[in-house]
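These notes are about the structure you will find just below.
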Amino acid sequence: MARLVVVSNRVAPIEEGKQQAGGLAVAVMAALKKTGGVWFGWSGETVDADSGELTIARAGAITRATIDLSRRDYDEYYNGFANSVLWPLFHYRIGLLSFSRRTWEGYLRVNALFAEKLAPLLRGSDMVWVHDYHLIPVGERLRERGLENPMGFFLHTPWPAPEVLIAVPTHAALVKAMCAYDVVGFHTESDLHSFANYIRDETGGTVEHLGEEGMRIRAYGRTVLARAFPISIDTGAMTAVAQQAGRTVAARRLRESLVGRDLIIGVDRLDYSKGLPQRFEAFQCLLDNYPELRGKVSFMQIAPPSRSDVPEYAAIRRELEAAAGHINGRFADFDWVPLRYLNKSFSQKALAGFFRTARIGLVTPLRDGMNLVAKEYVACQDPDDPGVLVLSRFAGAAAEMREALIVNPFDAEGVADAIQRGLTMRLEERRERHAALMAHLRRWDIVRWREEFVAALASVPTAAERRRNIA
Ligand code: F6P
């Protein structure tokens, strides 16, 4: 089997015992262990010197190769084009776009640097798998260096409709860069269709529907397989952790602090795409419209700060601090704090215990590629007495998790009604919904996601085969 080379902005540690808990890191690492391989990306360090200092660490058959970034590159590539243009654009927040030619050039420069540093590490038979919006042009830069390896790209965010995408002046260059890959993967059929619509309407390319196998795109002189590969979690591992996690000190202390009240939980990076102000408003509506719940429920929102150097992230943090203070100021009593708002992160095990304790999992992004918290919350429930997932229709997960209570996060009263419905749902209905969701999560877990993508990439004809076919 061909060696796998994974490229992403952030790279997980490979040393034994330092493995990250995240499902993606675990799944990709498992694939790398199987085939041997390289994980290449940014070290996470910004330096005063120029970008590009390469650090290579090996553990068995896996090589971790990372480069440092200069402050200027970090600012223009990561804070700038990736997180102030592509992130808001891909999450349908055109009003937050902050485009400049300077950050676009910085994005291209860092992508070219990734290709320059990666190319000497590649063997002719390697499969290259690039991840996420930070690195769309890496494949095209590698092709320009003459590399003919099978190359795949997976987008971890939504792909927007063409009329949204064209708001960025460099949309054509981005889509052309996508077509340098052999396989491009999206979370949902809807993202896939948005991509295909752009190809058809804006590039003069063609789209051939292949049923479950996705679509064959012909554009910019290349043939690309485009397909939805919904990312998932390590369902078995998560369920096992949750069974233990209910007995941790943290879970026990949480339960004690609730003194019999029902817990509503939200866990999100502190990001404007997650719909947290709207979620807080929905919680207020719940307490306004269902006064019998006052003193009977607690809402715990965990929101570790993220991308703090980007101004919009600092702004949402301030907005939420004010909103949390307002809600507690209005409703709290001497023995009850309705909203617990925590700007910190917790271990996967602690979270699993919190999820298992919570009667409602509140996952209400305004737009999200997939949202794995929705899947984790379900996998952590006690099947005999499961909680209820309240899920935004704008999360990629909603396309699969039909047995959740699906809501529109812009409709605060509708979300409040769904929470109330979840809190009062009969045990039998809760069990039925949970069992159906779990059956899906067991069938389509993170291993299946990775295997389907790698199999699609492995099925791409090699350059030599393509030449033979033409001859
Ligand atoms: O899923 C989207 C994503 O941007 C990942 O690529 C990334 O690792 C994660 O969110 C966290 O964001 P950041 O790397 O900017 O902290």
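Number of residues in the range 116-131 that are within 25 Å of the chain's Cα centre (by Cα), more than 16 Å from the ligand (Cβ to nearest atom) and within 25 Å of His187 (Cα to Cα) equals 2. Please determine whether any residue of the range 415-436 is hydrophobic (A, V, I, L, M, F, W, C) and free of Cβ contacts under 8 Å to residues at least 24 places away in the same chain. Among the residues of the range 415-436, not one is hydrophobic (A, V, I, L, M, F, W, C) and free of Cβ contacts under 8 Å to residues at least 24 places away in the same chain, which makes the answer no. Is it the case, given these coordinates, that His134 is modelled with pLDDT of 95 or more, in a helix (DSSP H, G or I), within 16 Å of the ligand (Cβ to nearest atom) and in contact with a Phe, Trp or Tyr (Cβ under 8 Å, 6 or more places away or on another chain)? Yes. In summary, Glu428 fulfils each of the numbered conditions (1) surrounded by 14 or more Cβ atoms within 10 Å (Cβ to Cβ); (2) of a type in the set (Asp, Glu); (3) in a helix (DSSP H, G or I) with the single exception of condition (1).
For every residue, the table says whether it meets (1) among the small types (Gly, Ala, Ser); (2) assigned by TED's automatic domain parsing to the domain that holds Leu362; (3) surrounded by 14 or more Cβ atoms within 10 Å (Cβ to Cβ).
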position	(1), (2), (3)
Glu202	no, no, yes
Val207	no, no, yes
Leu210	no, no, no
Thr223	no, no, yes
Ala226	yes, no, yes
Ala240	yes, yes, no
Ser257	yes, yes, no
Arg261	no, yes, yes
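Against the definition (surrounded by 19 or more Cβ atoms within 10 Å (Cβ to Cβ), at pLDDT 95 or above and away from the ligand (no atom under 14 Å from the Cβ)), how does Ile67 come out, yes or no? Judged against the criteria, Ile67 is a match. Identify, please: which residue in the range 241-282 is within 30 Å of Pro311 (Cβ to Cβ), in contact (Cβ under 8 Å) with a residue 60 or more places away in the chain and part of a helix (DSSP H, G or I) and is, among those, nearest to the ligand (Cβ to nearest atom)? Restricting to residues being within 30 Å of Pro311 (Cβ to Cβ), in contact (Cβ under 8 Å) with a residue 60 or more places away in the chain and part of a helix (DSSP H, G or I), the top hit is Ser273. The set of residues in the range 330-349 being at pLDDT below 95 and either assigned by TED's automatic domain parsing to the domain that holds Leu24 or assigned to a helix (DSSP H, G or I) (or both) consists of Gln348, Lys349. Number of residues in the range 283-306 that are more than 20 Å from Ala322 (Cβ to Cβ) and either within 16 Å of the ligand (Cβ to nearest atom) or free of Cβ contacts under 8 Å to residues at least 12 places away in the same chain (or both): the value is 2. When the criteria are applied in full, Val184 meets the requirement of being in the same structural domain as Ala228 (by TED's automatic domain parsing) and not in a helix (DSSP H, G or I). Checked against the criteria, Ala237 counts as over 30 Å from Pro120 (Cα atoms), modelled with pLDDT under 95 and among the small types (Gly, Ala, Ser). Restricting attention to the range 357-370, the residues being more than 16 Å from the ligand (Cβ to nearest atom) and either crowded, with 24+ Cβ neighbours inside 10 Å or at pLDDT below 95 (or both) number 5.
Entry remark, the range 37-55: residues being surrounded by fewer than 16 Cβ atoms within 10 Å (Cβ to Cβ) and either free of Cβ contacts under 8 Å to residues at least 12 places away in the same chain or part of a loop (DSSP other than H, G, I, E, B) (or both) number 4 in total.
Annotation: of all residues in the range 137-180 being part of a loop (DSSP other than H, G, I, E, B) and within 20 Å of the chain's Cα centre (by Cα), the one that is farthest from the ligand (Cβ to nearest atom) is Ala161.
Out of curiosity, is Arg58 of a type in the set (D, E, K, R) and farther than 12 Å from Val7 by Cβ? Judged against the criteria, Arg58 is a match. Do the conditions hold for Thr248, that is, is it assigned by TED's automatic domain parsing to the domain that holds Glu163 and surrounded by fewer than 23 Cβ atoms within 10 Å (Cβ to Cβ)? The answer is no for Thr248.
The values are calculated or read from the model by the stated rules, or taken from the named source; none is laboratory data. Every value quoted in this text rests on a predicted model; they were computed, and no experiment measured them. With ideal geometry, Cβ positions are generated from the backbone for all residues, glycine too; neighbour counts draw on all protein chains shown.
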